[in-house]
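Rule-based calculations on the coordinates, nothing more; no lab input. Quantities reported herein were computed from a predicted structural model and do not represent experimental measurements. Here the Cβ positions follow ideal geometry from the backbone for every residue, glycine too, while neighbour counts run over all protein chains shown.
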Amino acid sequence: MYSKAFKDLKAAFSLWHVWFYQAYHVISAKYKRTALGSLWISGSMVATSVSLSIVFGGIFGQNLKDALPFIMAGILCFGFAGYPLVEGHETFLSNGSIIKNHAYPFTFYIMEGTTRNFFMFFHNLIVFYLAMFIVSAAKIPHWTIIPALLVAWIYMASWGTITAMMASRYRDLRFLLPYIGQLMTFITPVFWRADQLTGWRRLIVDLNPVYGILEIVRAPLLGNIPPPQAWLLASIAAGSGVILWLIFFPQLRRRIPFWV
């Protein structure tokens with residue numbers, strides 16, 4: 001059972017050139033024959049960040065130079081933190097016809113989805129630093145960005161597999177999980193700072209693993225060292241995902257074609 005699961009994972013890694021190209025092709029094909037091309041990817045992030053920076057900056061008494069980097073980096077990094085809920089759960093369902101007709105390893109689709117997410121991140125990262133230069137708030141990323149991206153990938157791959165199997169087996173989750181992801185956007189410090197909560201409300205941050213994944217990537221982008229609490233939460237999130245993957249994927253992988 002476990003040997004076949006790891007064989008599936010090994011086969012997926014051996015096809016890295018296929019899912020790497022496929023991830024790029026999906027993004028580029030979406031904006032084919034448009035005037036702005038892939039700039040549309042970043043347009044929504046920039047417009048949302050500027051709007052929220054003006055509003056939340058006014059509410060919390062922050063100027064644009066302070067609010068914009070924090071909020072834009074938060075939106076950028078939430079793509080990692082919210083991936084299993086917002087996008088990852090569709091991985092097997094959206095590839096159902098391919099799964100039924102081709103013998104690709106199941107983790108192939110997970111690798112493609114996470115790689116596509118990384119392409120989006122690095123594309124938006126360029127626009128992020130352009131905006132930071134414009135407002136004179138650009139910082140050299142802290143070296144902890146490297147292990148943070150590795151932890152984020154483990155989190156996305158493991159939890160993305162779990163939510164993809166759950167949504168394939170129980171179709172109601174296909175609609176419920178995005179709502180949970182949307183809720184997490186507001187109860188996670190994406191637009192507001194963690195130290196603004198006090199008392200029992202602080203538990204929203206202290207017990208939120210999504211915050212951990214978000215912060216270990218965002219803090220280095222802003223030139224800061226992620227707080228130990230963020231690393232702890234991120235490690236718990238990634239570690240629990242790996243444990244659940246080891247428990248459920250070897251047992252349920254053969255049922256995926258019948259679910260999709």
Sorted largest first, the Cα spans of segment 127-198 on the principal axes come out in Å as 49, 29, 27
Lysine pair count for the chain [Cα-Cα under 30 Å; pairs on different chains or 8 or more apart]: 7
Length released on extending from residue 54 to residue 225, taking residue separation times 0.36 nm less the Cα-Cα span: 58.9 nm
Can you list the equivalent-ellipsoid semi-axes of segment 74-213, largest first and in whole Å, using the square root of 5 times each Cα gyration tensor eigenvalue? 29, 21, 12
By how many degrees, 0 to 90 and rounded to 10, does the Cα axis of helix 228-252 deviate from the longest principal axis of the chain? 20
Which order, highest average first, do 145-153, 68-76, 240-248 follow once you tally other Cβ atoms within 10 Å for each residue and take the mean per peptide? 68-76, 145-153, 240-248
Sequence gap at least 6, Cα distance under 8 Å: using those rules, report the relative contact order of segment 2-259 to the nearest whole percent. 27
Two pseudo-spin positions, 7 Å from Cα along C-beta at residue 247 and at residue 28, lie apart in nanometres by 4.2
Output ³J(HN,Hα) for segment 113-129: one whole-Hz value per residue in order, computed from phi by the Karplus curve 6.51 cos²θ - 1.76 cosθ + 1.60 with θ = phi - 60°, and x for Gly and Pro. x, 5, 5, 4, 5, 5, 4, 4, 4, 5, 5, 5, 5, 4, 5, 4, 6
Degrees between helix 173-187 axis and first principal axis of the chain (Cα, 0 to 90, nearest 10): 20
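What is the dipole size for the chain, taken about its Cα centre, with +1 at each Lys and Arg Cβ and -1 at each Asp and Glu Cβ, in debye to the nearest 20?
So the dipole magnitude of the chain works out to roughly 680 debye.
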Given Cβ charges of +1 for Lys and Arg and -1 for Asp and Glu, the option among 44, 98, 6 whose Cα lies farthest towards the positive end of the dipole of the chain is 98
Simple spin-label estimate for residue 171/residue 13, 7 Å along Cα→Cβ, in nm, reads 3.7
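Report the FRET efficiency, 1/(1 + (r/R0)^6), for residue 186 and residue 47, where r is their Cβ-Cβ distance and R0 is 22 Å, rounded to 0.05. Spell out each step's value before the answer.
Working: r = 18 Å, r/R0 = 0.84.
Plugging the Cβ-Cβ distance into 1/(1 + (r/R0)^6) gives 0.75.
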